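Have a look at the structure below, then the notes.
The values are calculated or read from the model by the stated rules, or taken from the named source; none is laboratory data. Not measured: the values here are computed from a predicted model. Cβ coordinates were reconstructed from backbone atoms using ideal geometry, including for glycine residues, and neighbour counts include every protein chain displayed.
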C-alpha cells in the first residue's frame, strides 16, 4: 500500500525523493529495441525534452519500483499487463536522476498487472 501511495503522490505532482521522468522504449532488447516487443529500456528524460515513443514517471523506493503511464501509452499494453521476459537493468543515467549514487537497480523478469487510477496507469514492480 505504501508503494501505491507514493506512486499516486508522484502522479499528483508531489515532489518525492527518488523520482524522475523517463523515456520508455518498447521493442526486442536483443535487436537494439526494434519492433513492438517488451519494455526494452527506460532513459532519464530532462525537463522540457519530449520522448520519441512514450514517457512516464519512475520512482524507486525501498518497498518497490513504480512506473506511471499515461492513457496514450496503453496502445503498447492493450492486454492490461506487462510481460518482462528478461530482467531490466536501469542505466546509470536513470539511477543518477533518482539519486542512486552507486549500485544497480534491476526490475526482475515477470508479469506485471497494470493498475488503473483515474486518467493514468501504474506498474508496480
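Residue 60 meets all of the listed conditions (1) buried (at least 18 other Cβ atoms within 10 Å of the Cβ); (2) at pLDDT 65 or above; (3) touching a strand residue (DSSP E or B) at 6+ places or on another chain (Cβ under 7 Å) but one, namely (3).
Inspect all residues belonging to the range 78-100 and state whether any of them is closer than 17 Å to residue 18 by Cβ, out of contact with any helix residue (DSSP H, G or I) (no Cβ under 6 Å at 6 or more places or on another chain), free of Cβ contacts under 8 Å to residues at least 12 places away in the same chain and in a loop (DSSP other than H, G, I, E, B). Within the range 78-100, not a single residue is closer than 17 Å to residue 18 by Cβ, out of contact with any helix residue (DSSP H, G or I) (no Cβ under 6 Å at 6 or more places or on another chain), free of Cβ contacts under 8 Å to residues at least 12 places away in the same chain and in a loop (DSSP other than H, G, I, E, B).
Checked against the criteria, residue 39 counts as farther than 15 Å from residue 93 by Cα and either at pLDDT 50 or above or part of a helix (DSSP H, G or I) (or both).
Being more than 24 Å from residue 28 (Cβ to Cβ) and at pLDDT below 80 is a condition met by no residue of the range 73-90.
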